[in-house]
Amino acid sequence: MTESKKFQLEGFLPGRGAKDAAIMLVAEAPGQTEIKTQIPFSGQAGKGLDKALAKINLYREDIYMTSVVKSRPYSVKQRTNKSGEEKKSYPNRTPNQTEIKLFAPFLDFEIKSIAPKVIVTLGNSAMNRLLGNQYTVSNYHGQTLQQPIYKLSKDRKNYEKTEKIIIFIQCITLLQCFIIVI
């Protein structure tokens, strides 16, 4: 595990899936399992995703999966185990705004290249990055929105709205997302 003085990030995981996918899943960031396997949604969330997709005859190859931050954000914790021994652990954490902005060009490129008809935001980090901080999962859970999304400005200082209208779905469960879309 390499620690940066400024960021506690590990590895790099680009998006994966169909290059002409109609549906794009945007998550927060890869977890430890995803960084090791280099496969998006390969941890616990991936098992649920595969089951949800199979129920509606979709597969990973049919969609595009990515995240707002392409590296795993982690924190460093001191833990005492049962034998009283102190050890460091490196649990996942929510990415901060600086990290989200650092990876913004990657996500913007993926959205432009794939040009999905539907983007499914999974969690507040994805929703805030694409729609703005005034949106929260608690207020928009399970809703479909049709509106412009944000991309990083050319000077990389601010976000600006895109001209393209994309349908967003913030889902209660992944299965409900795909039932709504289809």
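Residues of the stretch 80-98 that are over 20 Å from Ala45 (Cβ atoms) and not hydroxyl-bearing (Ser, Thr, Tyr): Asn81, Lys82, Gly84, Glu85, Glu86, Lys87, Lys88, Asn96, Gln97. Filter the stretch 66-97 for residues that are among the hydrophobic types (A, V, I, L, M, F, W, C) and modelled with pLDDT of 95 or more; which is farthest from Leu13 (Cα to Cα)? Ranking the candidates gives Val68 first. Remark: Phe109 matches the filter, which requires a residue to be free of Cβ contacts under 8 Å to residues at least 40 places away in the same chain, of a type in the set (A, V, I, L, M, F, W, C) and open to solvent by 40 Å² or more (accessible area, probe 1.4 Å). For Phe109, the conditions (1) part of a loop (DSSP other than H, G, I, E, B); (2) modelled with pLDDT of 95 or more are fulfilled apart from (1). Evaluate the stretch 51-74: report whether one residue or more is farther than 20 Å from Val118 by Cα, open to solvent by 30 Å² or more (accessible area, probe 1.4 Å), among the small types (Gly, Ala, Ser) and in contact with a strand residue (DSSP E or B) (Cβ under 7 Å, 6 or more places away or on another chain). The answer is no; no qualifying residue exists. A search for C-beta distances below 9 Å between a residue of the stretch 128-155 that is at positive phi and modelled with pLDDT under 85 and any residue that is open to solvent by 70 Å² or more (accessible area, probe 1.4 Å) and assigned to a loop (DSSP other than H, G, I, E, B), counting only pairs 6+ apart in sequence or on different chains, returns Gly142/Ile172.
For the stretch 23-30, the count of residues that are exposed (fewer than 14 other Cβ atoms within 10 Å of the Cβ) and of a type outside the set (Val, Ile, Thr) is zero. Exactly one residue out of Ile119, Ile100 is surrounded by 19 or more Cβ atoms within 10 Å (Cβ to Cβ) and either on the phi > 0 side of the Ramachandran plot or modelled with pLDDT of 95 or more (or both), and it is Ile100.
The values are calculated or read from the model by the stated rules, or taken from the named source; none is laboratory data. Keep in mind the model is a prediction, meaning the values are calculated, not measured. Note that we place each Cβ from the backbone using ideal geometry, even for glycine, and neighbour counts take in every protein chain shown. What goes into the accessible areas is simple: the full protein's heavy atoms, side chains included, and nothing from ligands, DNA or RNA. Shrake-Rupley method; radii C 1.70, N 1.55, O 1.52, S 1.80 Å.
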